[in-house]
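Colleague: Below is a structure I'd like to ask you about.
The values are calculated or read from the model by the stated rules, or taken from the named source; none is laboratory data. Computed from a predicted model, the values in this text were never measured in an experiment. Cβ placement follows ideal geometry from the backbone for every residue including glycine, while neighbour counts extend to all protein chains displayed. Ligands, DNA and RNA are excluded from the accessible area calculation, which covers all protein heavy atoms including side chains. Shrake-Rupley method; radii C 1.70, N 1.55, O 1.52, S 1.80 Å.
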Amino acid sequence: METFQREMNHDRNESRYSRWKQHRNQVTHLFEAVMSKEAMIEKVAIIGAGNCDDLDLVYLAARCRSIYLFDIDQESMEKGIKNLPELARKKIKLVKINVTGLDTIGFDENLSSMLNRGQKATSIIHYVREIENQLSQLSEQLFAEYYDEFDIVATSAIYTQLFYNWAMDLLAEQADTYLENDLEQIKEGFLDLRDEIVRTLNHSLSKCIKQRGYYLTWSDMLKIEPEYGDTINQGINAIFTLAANVGYGAALIGLKAFMDEVDQSQLSLTYWPWDFNADKQYLTMGAIGRMHGNGRS
């Protein structure tokens, strides 16, 4: 899983930082809405920092005392901050982490081995469901040291990157081994695990936020097509309906889980087009929420 994500992060050209300027500005606006309320923020955590192309780290460093960047790919984070001014770099701590916690129980190797051996679909599904039942415990072990640590926790387009793409790529390599019905059942098992990973992660991250702290997220919701323009222009409700029909299930699950963790009376949603590359433009949803109490339940 780590190798897969590293390859995804490295599959980029040097023009991407410039291309993502408007997207990065929109992300910065999310932070501005929170940071404008305080003279100085103590600690900020950003989950899924990757190459840091969507983050204005100079802006953030000027308004907080420390920034924790979390990602499975240490090398990409290091490259993402290497050209920052020294004052900004000194405030940044890099945390290499697989936020699913699956690496701590050898899940990658076990699932890969089962598929390579052509084990029955029922055995694979049973194993995946067993792991699903362990997620809360794994997440507790992974994030407990960060509970009540941060004034702001943000997730950076992470929902659509968790587990599923890697698992489907792995399954595709063994597609000839299984009947179509078996493949569909395994895929459904993967989807269930993905959804629970997203929900569990949101809950764990909410516990990392200090009392009355802020939770931020942004996520790609769907790939924009010309025929979606009129619907998108109708606003948030129409966008959610469109995303439910043609969008990314992980993003919808993630956003709902996010909203379940925050004070609904202080929830703010926005959206914008993310000019990802020459061939893809994503509709991106951003959200700001504030914790009810101490973020732990």
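Colleague: Can you pull out every residue in the range 125-158 that is of a type in the set (Ser, Thr, Tyr), part of a helix (DSSP H, G or I) and either more than 26 Å from LEU183 (Cα to Cα) or at pLDDT below 95 (or both)?
Modeller: Keep residues of the range 125-158 that are of a type in the set (Ser, Thr, Tyr), which gives 127, 136, 139, 146-147, 155-156.
Then keep just the ones that are part of a helix (DSSP H, G or I); that gives 127, 136, 139, 146.
Residues satisfying the conditions are SER136, SER139, TYR146.
Colleague: Here's another thing I want to ask about it. Kindly check whether there is at least one residue in the range 30-41 that is among the hydroxyl-bearing types (Ser, Thr, Tyr) and farther than 16 Å from SER156 by Cβ.
Modeller: The answer is yes; a qualifying residue exists.
Colleague: Quick one: how many residues across the range 266-289 are touching a Lys or Arg at 6+ places or on another chain (Cβ under 9 Å) and open to solvent by 70 Å² or more (accessible area, probe 1.4 Å)?
Modeller: Going through the range 266-289 one residue at a time, the tally reaches 4.
Colleague: Being out of contact with any helix residue (DSSP H, G or I) (no Cβ under 7 Å at 6 or more places or on another chain) and loosely packed, with under 14 Cβ neighbours inside 10 Å is the filter; apply it to the range 88-104 and report the residue that is nearest to ASN51 (Cα to Cα).
Modeller: LYS93
Colleague: Here are some conditions: (1) surrounded by 14 or more Cβ atoms within 10 Å (Cβ to Cβ); (2) of a type in the set (Ser, Thr, Tyr); (3) within 24 Å of LYS256 (Cβ to Cβ); (4) more than 21 Å from the chain's Cα centre (by Cα). TYR178 meets all but one. Which one does it not meet?
Modeller: Condition not satisfied by TYR178: (3).
Colleague: Only one of these conditions is not met by THR200: (1) in contact (Cβ under 8 Å) with a residue 24 or more places away in the chain; (2) open to solvent by 30 Å² or more (accessible area, probe 1.4 Å). Which number is it?
Modeller: (2)
Colleague: Checking LYS210 against (1) open to solvent by less than 10 Å² (accessible area, probe 1.4 Å); (2) farther than 13 Å from SER136 by Cα; (3) in contact with an Asp or Glu (Cβ under 9 Å, 6 or more places away or on another chain); (4) of a type outside the set (Val, Ile, Thr), which test does it fail?
Modeller: (1)
Colleague: Suppose we filter the range 204-233 for residues that are free of Cβ contacts under 8 Å to residues at least 24 places away in the same chain and closer than 22 Å to GLN161 by Cα; how many remain?
Modeller: Restricting attention to the range 204-233, the residues satisfying the condition of being free of Cβ contacts under 8 Å to residues at least 24 places away in the same chain are 225-227, 229-231, 233.
Still in the running and closer than 22 Å to GLN161 by Cα: 225.
Within the range 204-233, residues that are free of Cβ contacts under 8 Å to residues at least 24 places away in the same chain and closer than 22 Å to GLN161 by Cα number 1.
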